[in-house]
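Worksheet: one structure, shown below.
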Amino acid sequence: DAGVTQSPTHLIKTRGQHVTLRCSPISGHKSVSWYQQVLGQGPQFIFQYYEKEERGRGNFPDRFSARQFPNYSSELNVNALLLGDSALYLCASSLTRTAGKAPYTFGSGTRLTVV
Amino acid sequence: KQEVTQIPAALSVPEGENLVLNCSFTDSAIYNLQWFRQDPGKGLTSLLLIQSSQREQTSGRLNASLDKSSGRSTLYIAASQPGDSATYLCAVKRDSSYKLIFGSGTRLLVRP
């Protein structure tokens, strides 16, 4: 079975540009969460989507937005990119909103570099 | 506010040594705790998940323990190998929460 897949794997953007990152959850999983991991730090929660609705949002500016599609895949959008947005963006999927007793499964991430 | 701390930030050991990685959290009201491995520039691989009602979990050479009352978890790696070199992250999930709160990780180097 395919795990969590993210695309693209690497991306270079210029300050002020817009970027879209994509995530496909494990088949049957209805929840997708996005995390940002800056070099040398642990991942920070950005968003959770469950059943195509936003269920949680971390402490990130409005430049960050996301959505979930009927097939439960998800997009993370970042507008007006700043140098500080350079990070590894991770997607995690789970069967339910809170994952219950099951572990979260993460994708391999998208490495975004803003120059 | 839940905070998760991992000490040490980096660790270098010779091959074959047994080692312990530490994770502490400030709020004992956790639902579970998960240990991850991360290779440079890669995503997270789940190693062990401990529910709040459990004391430990084992998988191969790995053993994770949980002491909720003291806000601590340890990851024990037996007979370390160079292939164990990676960053190890712990993350806690609060009761009824949907998100994980991560520590900054311990970067492990196992020298041949």
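Can you pull out every residue in region B:9-22 that is of a type outside the set (S, T, N, Q), under 19 Å from B:CYS90 (Cβ atoms), more than 14 Å from chain A (Cβ to nearest Cβ) and exposed (fewer than 13 other Cβ atoms within 10 Å of the Cβ)? Selection gives B:VAL20 alone. Here A:GLY3 fulfils each of the conditions (1) more than 27 Å from B:GLU3 (Cα to Cα); (2) free of Cβ contacts under 8 Å to residues at least 40 places away in the same chain apart from (2). All conditions but one from (1) within 17 Å of A:PRO43 (Cα to Cα); (2) in a strand (DSSP E or B) apply to A:GLU75; the one that does not is (1). Only residues that are within 14 Å of chain B (Cβ to nearest Cβ), open to solvent by 20 Å² or more (accessible area, probe 1.4 Å) and modelled with pLDDT under 95 were counted across region A:62-99, and they come to 4. Open to solvent by 20 Å² or more (accessible area, probe 1.4 Å), closer than 28 Å to A:GLY58 by Cα, away from chain A (no Cβ under 14 Å) and not in a strand (DSSP E or B) - does that describe any residue in region B:42-56? No - not one qualifying residue is present in region B:42-56. Taken over region A:13-37, the residue count meeting the criterion of being out of contact with any helix residue (DSSP H, G or I) (no Cβ under 8 Å at 6 or more places or on another chain), over 14 Å from A:TYR104 (Cα atoms) and not in a strand (DSSP E or B) is 4.
Of all the residues that make up region B:69-98, how many are open to solvent by less than 70 Å² (accessible area, probe 1.4 Å), more than 15 Å from B:GLY16 (Cβ to Cβ) and either at the interface with chain A (Cβ under 8 Å from one of its Cβ atoms) or part of a loop (DSSP other than H, G, I, E, B) (or both)? So the count comes out to 7.
Residue-level analysis places A:HIS10 outside the set of residues that are open to solvent by less than 70 Å² (accessible area, probe 1.4 Å), under 24 Å from B:GLN38 (Cβ atoms) and in contact (Cβ under 8 Å) with a residue 24 or more places away in the chain.
Against the condition of a type in the set (A, V, I, L, M, F, W, C) and either more than 12 Å from the chain's Cα centre (by Cα) or closer than 24 Å to A:GLY58 by Cα (or both), how does B:LEU11 come out, does it pass? Yes: the conditions hold for B:LEU11.
Residues of region B:23-41 that are over 14 Å from B:SER73 (Cα atoms) and surrounded by 14 or more Cβ atoms within 10 Å (Cβ to Cβ): B:ARG37, B:GLN38. Is there a residue in region A:14-32 that is within 9 Å of chain B (Cβ to nearest Cβ), polar (S, T, N, Q) and more than 10 Å from the chain's Cα centre (by Cα)? There is at least one residue in region A:14-32 that is within 9 Å of chain B (Cβ to nearest Cβ), polar (S, T, N, Q) and more than 10 Å from the chain's Cα centre (by Cα).
The values are calculated or read from the model by the stated rules, or taken from the named source; none is laboratory data. For clarity, every value in this text was computed on a predicted model and none was experimentally measured. Using ideal geometry, Cβ is built from the backbone for each residue, glycine included, and neighbour counts are taken over all protein chains shown. Quick note on the areas: whole protein, heavy atoms, side chains included, nothing else; ligands and nucleic acids left out. Shrake-Rupley method; radii C 1.70, N 1.55, O 1.52, S 1.80 Å.
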